[in-house]
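Scroll down for the structure; my scribbles are underneath it.
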Amino acid sequence: MLDFSGSTTVYLACGVTDLRKSYTGLAAIIKLKFHLDPYSRCMFAFCNRRRTLIKILQWDGSGFWILMKRLERNAFHWPDTPDELRKVTLKEIHWLCDGSGFYRRTTEQDGQGGHALFAEDYAGASSKAGRNAAEAGIKDPDPGIENKGTGIPERNAL
């Protein structure tokens, strides 16, 4: 089974990944590009170019699991650095999957000048222009209009 314990190591494949790949393709990326063992109990997260789809690959001892989340609107706040593998916590991957980003900043309050993680939420905005519009309080007058005529059921219709 999937392991969501606090001891699970989670890696983000920063930048863009072709998510047409399935188990073997993603495992090959882990092995050949990042030189890690895809058969470890770690979780490996990947995101597509449009930032609308995340796939998480994990080996459970007898087979691979793929968790997948696709956004109907907006985009994930995914790190842009290509060819980087970033180690994150389960809390941080939950923030990303829930639509919040995360960033590290130096804290003055801890007295040691260390780093702390802070969640950031752009109110669901998917681009810089969208974030600026969200900050200005501009709302989409018809949020379901994007799916009309595409054959994709709207969220409320499910």
(message) I'm trying to understand the selection: among the residues of region 6-35, which are over 13 Å from LEU57 (Cα atoms) and in contact (Cβ under 8 Å) with a residue 40 or more places away in the chain?
(response) GLY6, CYS14, GLY15, VAL16, LYS33, PHE34
(request) Can you tell me which residue among GLY15, GLY25 is within 18 Å of ARG86 (Cβ to Cβ) and outside any strand (DSSP E or B)? (result) GLY15
(request) Select from region 70-92 the residues that are in contact with a strand residue (DSSP E or B) (Cβ under 7 Å, 6 or more places away or on another chain) and either open to solvent by 80 Å² or more (accessible area, probe 1.4 Å) or without any contact (Cβ under 8 Å) to a residue 12 or more places away in the chain (or both) and list them in ascending order. (result) ARG70, LYS87
(request) Report yes if SER5 is at pLDDT below 95, open to solvent by less than 50 Å² (accessible area, probe 1.4 Å), of a type in the set (S, T, N, Q) and assigned to a loop (DSSP other than H, G, I, E, B), otherwise no. (result) yes
(message) Within region 41-62, does at least one residue satisfy the condition of being surrounded by fewer than 17 Cβ atoms within 10 Å (Cβ to Cβ) and closer than 12 Å to TYR11 by Cα?
(response) yes
(message) Just to be sure I understand, how many residues within region 11-47 are of a type in the set (Val, Ile, Thr) and touching a Phe, Trp or Tyr at 6+ places or on another chain (Cβ under 8 Å)?
(response) 3
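The values are calculated or read from the model by the stated rules, or taken from the named source; none is laboratory data. It should be emphasised that the depicted structure is a prediction, and the values quoted were computed from it without experimental measurement. Quick reminder, even Gly has a Cβ in these numbers, built from the backbone with ideal geometry, and neighbours come from all protein chains shown. Ligands, DNA and RNA are stripped out before the accessible areas are found, and what is left, the full protein with its side chains, is counted by its heavy atoms. Shrake-Rupley method; radii C 1.70, N 1.55, O 1.52, S 1.80 Å.
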